[in-house]
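Structure, as structure tokens:
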There are 2 protein chains.
Amino acid sequence: MDYIERTMKSDKIYDGKIVKLRIDTVELPNKKYSKREIVEHSPAVAIVAVTQEDELLLVKQYRKPIEKMIYEIPAGMVELKEKPKDAAVRELREETGYTTDKIEYMTEFYTSPGFCDEKIHAFYTEDIEIDSQNLDEDEFLYCVKVPYDDVVKMIMRGEITDAKTIAAVLFYDGIRRKIHA
Amino acid sequence: MDYIERTMKSDKIYDGKIVKLRIDTVELPNKKYSKREIVEHSPAVAIVAVTQEDELLLVKQYRKPIEKMIYEIPAGMVELKEKPKDAAVRELREETGYTTDKIEYMTEFYTSPGFCDEKIHAFYTEDIEIDSQNLDEDEFLYCVKVPYDDVVKMIMRGEITDAKTIAAVLFYDGIRRKIHA
């Protein structure tokens, strides 16, 4: 059984640097109309990067919407005409100063599919080498290396509160434990 | 080392039913100014609900922002003056027709902290009983029971693409495997 909501009308509310906002009037499966507030966001990437000493690279940064600093894995938006894989390597280098030429695709997921179209492509690498950090001019963050098992414990203790980081690290943990699909 | 971004000005762009949008002008750690587009969203809840037969309750619904039907765990917004725990029980009942009086807190996470303040409180229950489904009038979804191990495999195969579902189910898996913080 498949439901669908047909777009009857679409009103653009805002067109920004990071997000766009539109209101769609949709026809529901029961033929009634409803409104959907939809935030548009570019596709993004995130990468679980593990050192030879089995440490995971985390970045800690201030996030204005929640008014605090939190730990996340390196991540960012895919640029125009850029492949997600290349974006992941670029963001890894920009945010941590490490680079890789051996990166593996893990999965992709939507961060808030109820109201936003943002999709994150998640990768991992266990083969990184030092290059140089290169942050955007409005980006302030620092990178920490945390032993892998401790990152999993930080998640289980509630010390990591970023959904993409929890999803990607625990997905990677599934790969390490060889949970085969 | 802690960074902070001071709000110098805040412009309201939109005030909707589900989201609000504002643009904050912030002072960066280097004293320069920048703009932050911020989507405001009510706190939400999500619940991993497991039957006595070790099946997990998933809801499948059409998500307009991504124009497709996806699997998710039961979830929804916390209502005014409602406790997250009560909201989780309510959403479970409304979306699946099951209820519980034994619910456990797992963790909480932000779905997209770069541009949105949405926080999800995640719970689980292994003690549910049939009550009656009661959807919102603009809500069309159906509930499926999937053997627990199969849900983990669906995640690892990329068949579950909702970040909160991946994060919450794999977090719950950590609890089952007794990964102690």
Quiz item: residue A:56: farther than 20 Å from residue B:112 by Cβ, more than 7 Å from every other protein chain (Cβ to nearest Cβ) and without any contact (Cβ under 8 Å) to a residue 12 or more places away in the chain, yes or no?
Solution: no
Practice problem: List every residue pair whose Cβ atoms sit under 8 Å apart, with the two residues 6 or more apart in sequence or on different chains, where the first one lies in the range B:102-130 and is over 15 Å from residue A:167 (Cβ atoms) and the second, anywhere, is surrounded by 21 or more Cβ atoms within 10 Å (Cβ to Cβ) and of a type in the set (Asp, Glu). | Solution: B:115/B:37
Quiz item: Counting just the residues of the range B:147-164 that are in contact (Cβ under 8 Å) with a residue 24 or more places away in the chain and touching a helix residue (DSSP H, G or I) at 6+ places or on another chain (Cβ under 8 Å), which one comes out nearest to the other protein chains (Cβ to nearest Cβ)?
Solution: B:163
Quiz item: Out of all the residues in the range B:6-25, is one or more in contact with a Ser or Thr (Cβ under 7 Å, 6 or more places away or on another chain) and either of a type in the set (Phe, Trp, Tyr) or facing chain A (nearest Cβ under 8 Å) (or both)?
Solution: yes
Self-check item: Index of the failed condition, residue B:98 passing every other in (1) touching a residue at least 40 places away in the same chain (Cβ under 8 Å); (2) within 14 Å of chain A (Cβ to nearest Cβ); (3) more than 18 Å from residue A:163 (Cα to Cα); (4) not acidic (Asp, Glu)
Solution: (2)
Practice problem: Kindly provide the set of residues from the range A:70-86 that are open to solvent by less than 30 Å² (accessible area, probe 1.4 Å) and of a type in the set (A, V, I, L, M, F, W, C), ordered by number. | Solution: A:70, A:73, A:75, A:78
Self-check item: Subset tally (residues that are touching a helix residue (DSSP H, G or I) at 6+ places or on another chain (Cβ under 7 Å), closer than 15 Å to residue B:56 by Cα and among the polar types (S, T, N, Q)) for the range B:99-126
Solution: 2
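The values are calculated or read from the model by the stated rules, or taken from the named source; none is laboratory data. Predicted model only: the values in this text are computed from it and were never measured. For neighbour counting, all protein chains shown are included, and Cβ atoms are generated from backbone atoms with ideal geometry for every residue, glycine included. Side chains are part of the model used for accessible areas, which takes the heavy atoms of the whole protein and leaves out ligands, DNA and RNA. Shrake-Rupley method; radii C 1.70, N 1.55, O 1.52, S 1.80 Å.
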